[in-house]
1. Just checking, which of L72, L33 is modelled with pLDDT of 95 or more and within 20 Å of L6 (Cβ to Cβ)?
2. Give segment 21-51 a look and list any residue that's touching a Leu at 6+ places or on another chain (Cβ under 7 Å) and part of a helix (DSSP H, G or I), or say none.
3. Suppose we filter A18, A26 for residues that are within 21 Å of A85 (Cβ to Cβ), surrounded by 12 or more Cβ atoms within 10 Å (Cβ to Cβ) and among the small types (G, A, S); which single one remains?
4. Could you check D40 against (1) open to solvent by 70 Å² or more (accessible area, probe 1.4 Å); (2) over 22 Å from Q3 (Cβ atoms); (3) at pLDDT 95 or above and say which number it fails?
5. Under 9 Å between Cβ atoms, at least 6 apart or on separate chains: pull out the pairs that start in segment 29-44 with a residue that is free of Cβ contacts under 8 Å to residues at least 60 places away in the same chain and end on any residue that is aromatic (F, W, Y).
6. Applying the selection to segment 49-98, what residues are in contact with a His (Cβ under 7 Å, 6 or more places away or on another chain) and closer than 13 Å to D34 by Cβ?
7. If we keep just the residues of segment 237-266 that are in a loop (DSSP other than H, G, I, E, B) and at pLDDT 90 or above, which is surrounded by the most Cβ atoms within 10 Å (Cβ to Cβ)?
Amino acid sequence: MSQTLLFASDLSAENRAAFARAIRLAVETGARLDVIHVLDPYLPRRVLHDLEAAVVEDIRATLVDIREDYALPEPQCLIQTMAGAPYAEIIREAHEREADMIILGAHRKRGQPDLVTGTTLARVLRSAPCPVLSVSHLATQEWQDILVPVDFSLTSRHTLRETLKRFPGARLTLLHAWDIPGERELGSDSDYARWRDREVERLRTQLERETEQLMSELDDVPELELVLEQGEPLEVLLTRLRRQPPDLLALGSRGQLGRHSQITERLLSEPHCDIMLCRAW
């Protein structure tokens, strides 16, 4: 079955990087690229009719322009407009087209996590039926180094499986944050330190076993590195992103449908790299 990538264009200059990445992914994977733009449903019907033709023409011109800039062949492409609430139409189109991935531009109000919740990007992430890619970097950047935070959750397993399947040629760093009780009170005690080290090694063994089980399901096995760091998960992840930003962050989301976790909100407001967010259903 052929893949379908769904790219939602808002016609802005900031959206160009996401459009370029969508074209490149379609070319590299042989997928069909469906480009949509959501119009204001409250505009007069005659205005909507004229605007629809202008929008399609602008998207086509941008597609040609980007292909020339990046020297990319033309992917199989479908351009359409519809009227409605942007986030609702994107989710509906993803369902109807059975999209393999939704591609959107990054959140523009950087450094303001309190403004993330109501954005189209955040609303799509909460209810998307497939992985969502938030693009903030140029498509010329290769996705060679991918960071995947891991734990023992269903969401983490699903995200790792999606990443292994989609990017078999990349180098994956699996990051696990651990924080064993009693460290503050007993950290200087030698018996506690030995017990703590055994527990951390047990965690590593368990993570390696689960990763090997997932890798056994695939034909192509990428290069993997497992990193265990002590601390609260959000701070461990943000420190890693600031110190050694990857090309792509593959993040699982197990927040409730009505809201995002603190980690997701911080990362969307401070995109150190492109982000692929996966939800396990």
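The values are calculated or read from the model by the stated rules, or taken from the named source; none is laboratory data. This one's a predicted model, so the numbers in the text were calculated from it and none came from an experiment. Cβ placement follows ideal geometry from the backbone for every residue including glycine, while neighbour counts extend to all protein chains displayed. SASA here: full protein model, heavy atoms, side chains in, ligands and nucleic acids out. Shrake-Rupley method; radii C 1.70, N 1.55, O 1.52, S 1.80 Å.
1. Exactly one of L72, L33 is modelled with pLDDT of 95 or more and within 20 Å of L6 (Cβ to Cβ), namely L33.
2. Correct list: A22, I23, R24, L25, A26, V27, L48, L51.
3. Only one candidate passes the filter, namely A18.
4. Result: D40 passes all but (3).
5. Within 9 Å, the pairs are L33/F7; V35/F7; V35/F19; I36/F7; V38/Y87.
6. Answer for segment 49-98, where residues must be in contact with a His (Cβ under 7 Å, 6 or more places away or on another chain) and closer than 13 Å to D34 by Cβ: I59, T81.
7. That would be P246.
Conditions tested, residue by residue: (1) touching a residue at least 60 places away in the same chain (Cβ under 8 Å); (2) open to solvent by less than 20 Å² (accessible area, probe 1.4 Å); (3) among the aliphatic types (A, V, I, L, M).
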residue: A128; (1), (2), (3): yes, yes, yes
residue: V132; (1), (2), (3): yes, yes, yes
residue: P149; (1), (2), (3): yes, no, no
residue: T155; (1), (2), (3): yes, yes, no
residue: R161; (1), (2), (3): no, no, no
residue: P168; (1), (2), (3): no, no, no
residue: D191; (1), (2), (3): no, no, no
residue: L203; (1), (2), (3): no, no, yes
